[in-house]
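Report on the structure given below.
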Amino acid sequence: MSGIATIPEQIELARQRINSLHEAIRQHDYSYYVLDTPSVSDSEYDGLFRELQSLETNFPELISTDSPTQRVGGTALKGFDSISHRQAMLSLNNAFEESEVAAFDKRVREGLGVDSVEYGVEPKFDGLAITLTYEHGLFVQGATRGDGYTGEDVSLNLRTIRAIPMRLHSDKPPALLEVRGEVLMLKRDFERLNREQEARGDKLFVNPRNAAAGSLRQLDPNITAKRPLTFFAYGLGASEGIPVITTHSAAMDYLAALHLPVSSQRATVQGLQGLLDYYRNIGQQREKLPFDIDGVVYKVNALSQQAELGFVSRAPRWAIAHKFPAQEALTVVEAIDVQVGRTGAITPVARLKPVFVGGVTVTNATLHNQDEIDRKDVRVGDTVSVRRAGDVIPEVVRSLPEFRAATSSPYKLLAAIGQQCPVCGSHVVKLEDESVARCSGGLFCPAQRKQAILHFASRRAMDIEGLGEKLVDQLVDAQLVHTLADIYQLDVVTLSSLERMAEKSAQNIVDALQISKKTTLARFIYALGIRNVGETTAKDLARHFGNLPALQTADLQILQQTPDVGPVVAESILQFFNEPHNSEVIKQLIQAGISWEESEGKSTTSGALGGKTFVLTGTLPNLSREAAKEMIEAAGGKVNGSVSKKTDFVVAGAEAGSKLEKAQTLGIALLDEQALLALLADSAL
């Protein structure tokens, strides 16, 4: 019996073997996924993995979070939690021309007061930026970049990526280490994944970047585990207890020593010529690299110099991305269609014979507007050069008239659509100072419906509390609301039947709709969403005309008698009210019970400050800008957004900028908050 191990001895033997298997599997993973040099056969690796699974099944108390068996699987999430980054994950400014790189190098040298700078250089991966957090050498959390300050917790999915170590390779791991890098998919793995997708009859992915991003953001980590993702580190975030590191290149060497994958194409170069030589060299290697890149990244190598240069806005002054030229291909314009945007913009779209450009099959590209069509002379049937601007947005670069049929004719947008909106049939108009044609049926057009309702319900318009974007989406998608007037027909029963809408919330919406019916003419005019008519112009129109019928029937000459309403604004107003669809919706809104005091305006000089124009700038000690504006307007004054010779007073608070300087140049009277309140008090006497 003496040869039989006791329970504690069995556990200790199992612990030792498990630790040995952990180390062996980690080393094999590193060799395979990071070094791309397999150290054992697949069958040998599978044997080690199955042995580890068996031991952990028999001794579940010995399962650790960094075990290779804990990478795969897990319960699907309902959504990703948000994570605030300890250090912001800032974006990089881009350079496309050598002159822009030269300007960057000059700014860096001048900022540091040196003649030449050493840079760390590396490929710019075309993947999804993430951050990994390790505590005492163990992976504890991972997140996407998000907005740079807050990202999504994708820790479970990152655990499935075998290129990411669950335990850092170090005898003395740091207490805290944030690793910044990119999740991507190798070209060979992308091709294999698409072959598998095609064999199953599933949708193919368009390029490795989209495949990687979609895979990492799966709510079910079991799906992510089946996708061949990899990872490359390119920088450090927050850290505690790491060795003294003085350069970016040393930081990358440190990460590599921890068995984190880093680019083997990284290097250090000296000065502008070194940057440009590296760019050309990597450009020549681009097609042969195992992963997609869209440029290279230049970083000042010395960390002390990085700190000295600092940041501007959301980007570092010490780094820049030098992007490769957009890839182009030739194809044929098979048709030109039009799309109607949320604001009524009519956009011509070229329908193309499918062509593969920059890793994506492109079938359409925006032509922007008639001016762009004329400038590039794009016609149906033309052979055109197409590129993905910044490797993202497809655009027609130019047409090739030498391949054009003799019978082709120039494309004219308004003639092609008969000057009618293809969605709602309203008139399409193009103002002289604008390049974009627009549907004039803003209150009626289905393409503009959601935008029109959201603007109508906004705080400074009809102020319908609770009628936000998600609810508007539901109402329109369910075809419960077709025009603005329909929102006033909503009842509690209808609203409470919507997703995530309880009866109490539904009642609150109905109450808010009732309250909004009592408004002002100025708010109603603004709520209509007339192009070029903002809040201030709406108030001017309400004061000048005093009632809606007078405004609706005014011609261009009469409209321009309103203060600060010029020919462009007057034309927008005229086109809006000339559209019968809009007039019908306005009629329905009035019938629904919307009303205001007809005597609210009629005079541009009513009130003690009537006829006086104010501009607000800076931060006042006690009054918000909105409160100050309301007080001035209540006294008959007008508040403009810019300073001109017609401005009577500029009210300046702390950190007043260019408006104050312009007022001083023009000799305009300046008021602080105390002087403004005194003026308002005097006007009330």
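Modelled label positions at residue 267 and residue 557, each set 7 Å beyond Cα in the direction of Cβ, lie 7.4 nm from each other.
Rounded, prolate or oblate: which fits segment 328-416 when a ≥ b ≥ c are the square roots of the eigenvalues of the alpha-carbon gyration tensor, with rounded for a/c under 1.5 and prolate only if a/b beats b/c? Oblate, because a/c is 1.5 or more while a/b does not exceed b/c. Straight-line reach from residue 299: which lysines have Cα under 19 Å away, leaving out those fewer than 8 places along the same chain? Reachable lysines: 106, 124, 323.
Counting only residues at least eight positions apart within a chain, or on another chain, the aspartates and glutamates with an alpha carbon under 13 Å from that of residue 470 are 499. For residue 447, the shell of other residues with beta-carbons less than 13 Å away shows a net charge of +4, using +1 for Lys and Arg and -1 for Asp and Glu.
For segment 621-638, putting each phi into the Karplus relation 6.51 cos²θ - 1.76 cosθ + 1.60 with θ = phi - 60° gives couplings of x, 10, 8, 6, 4, 5, 5, 4, 4, 5, 5, 5, 5, 5, 8, x, x, 10 Hz, in residue order, rounded to whole numbers and with x for Gly and Pro. Other residues with beta-carbon under 9 Å from the beta-carbon of residue 476 carry, at +1 per Lys or Arg and -1 per Asp or Glu, a net charge of 0.
For Cα Rg over 2.2 N^0.38 Å, computed directly from the structure shown, the correct entry in (i) 1.01; (ii) 1.23; (iii) 1.15 is (ii).
Only residues of segment 290-313 count here: report those whose backbone N is under 11 Å from the spot 7 Å along Cα→Cβ of residue 202, or say none. Hits in segment 290-313 for residue 202 at 11 Å: none.
Neighbours of residue 618, meaning other residues whose beta-carbon lies under 15 angstrom from its beta-carbon, give a summed charge of -1 when Lys and Arg score +1 and Asp and Glu score -1. Charged side chains reduced to their Cβ positions (Lys and Arg at +1, Asp and Glu at -1) give segment 613-684 a dipole of some 320 debye around its Cα centre. Please say if segment 94-323 is rounded, prolate or oblate, where rounded means a/c under 1.5 for a ≥ b ≥ c the square roots of the C-alpha gyration tensor eigenvalues, and otherwise the choice is prolate for a/b larger than b/c and oblate otherwise? Note, shape of segment 94-323 comes out oblate. Here the calculated FRET efficiency for residue 311 and residue 6, from their Cβ-Cβ distance with R0 = 56 Å, stands at 0.35, rounded to the nearest 0.05.
Using only side-chain charges placed at the Cβ, +1 for Lys and Arg and -1 for Asp and Glu, the dipole size of the chain relative to its Cα centre rounds to 780 debye.
Residues within the reach of a label modelled at residue 374 (point 7 angstrom out along Cα to beta-carbon, backbone nitrogen below 14 Å), restricted to segment 427-444, are 430-437.
Here's the list of aspartates and glutamates a cross-link from residue 517 could span, going by alpha-carbon distance under 17 Å and ignoring same-chain residues fewer than 8 apart: 463, 465, 486, 491, 597, 598, 600. Farthest toward the positive end of the dipole of segment 94-323, out of 163, 245, 129, is the Cα of 163, where the dipole comes from beta carbon charges about the Cα centre. For the residue pairs 203/226; 353/412; 430/518; 288/376, alpha carbon separations beyond 23 Å are given by 430/518; 288/376.
Ranked by the mean number of other Cβ atoms within 10 Å of their residues, highest first, the peptides 482-489, 510-517 fall in the order 482-489, 510-517. Taking R0 as 51 Å, what FRET efficiency do you get between residue 489 and residue 661 from their Cβ-Cβ distance, rounded to the nearest 0.05? With a Förster radius of 51 Å, E is 0.45. Here the gap between residue 304 and residue 187, fully extended at 0.36 nm per residue and compared with their Cα-Cα distance, gives a gain of 38.4 nm. Across segment 469-478, computed HN-Hα scalar couplings (Karplus, 6.51 cos²θ - 1.76 cosθ + 1.60, θ = phi - 60°) run 4, 5, 5, 4, 4, 5, 5, 6, 5, 7 Hz from first to last residue, x flagging Gly and Pro. Give the shape of segment 244-289 as rounded, prolate or oblate, defined through the alpha-carbon gyration tensor: a ≥ b ≥ c are the square roots of its eigenvalues, a/c under 1.5 means rounded, and otherwise the shape is prolate if a/b is larger than b/c and oblate if not. Because a/c hits 1.5 or more and a/b fails to exceed b/c, segment 244-289 counts as oblate. Ordering of 473-480, 637-644, 132-139 by packing is 132-139, 637-644, 473-480, highest average first (other Cβ atoms within 10 Å, averaged per residue). With the simple model of a label 7 Å out from the Cα in the direction of the Cβ, residue 140 to residue 65 spans 0.7 nm.
Looking at the chain, send over the antiparallel percent of its DSSP beta bridges, to the nearest 5. Beta bridges within the chain, antiparallel portion: roughly 85 percent.
Only helices enter the 222 nm calculation for the chain: every DSSP H run of n ≥ 4 contributes -39,500 (n - 2.57), and dividing by all residues gives -10500 deg cm²/dmol, rounded to 500. Spacing of the modelled spin labels on residue 505 and residue 246, each 7 Å from Cα toward Cβ, amounts to 5.9 nm. Taking 0.36 nm per residue of separation and subtracting the current Cα-Cα distance, fully stretching the chain between residue 675 and residue 397 would add 94.4 nm. Residue by residue, segment 114-124 carries 3J(HN,Hα) couplings of 10, 8, 8, 10, 8, 10, x, 10, 7, x, 9 Hz when phi is fed to the Karplus relation 6.51 cos²θ - 1.76 cosθ + 1.60 (θ = phi - 60°); x denotes Gly or Pro. Here r is the Cβ-Cβ distance between residue 624 and residue 287 and R0 is 56 Å; the resulting FRET efficiency, rounded to 0.05, is 0.45.
Read-outs throughout are calculated quantities, based only on the coordinates presented, and are distinct from any laboratory measurement. Bear in mind the structure is a predicted one, so any value in this text is a computation, not a measurement. Note: ideal-geometry Cβ built from the backbone for every residue, glycine included; neighbour counts use all protein chains shown.
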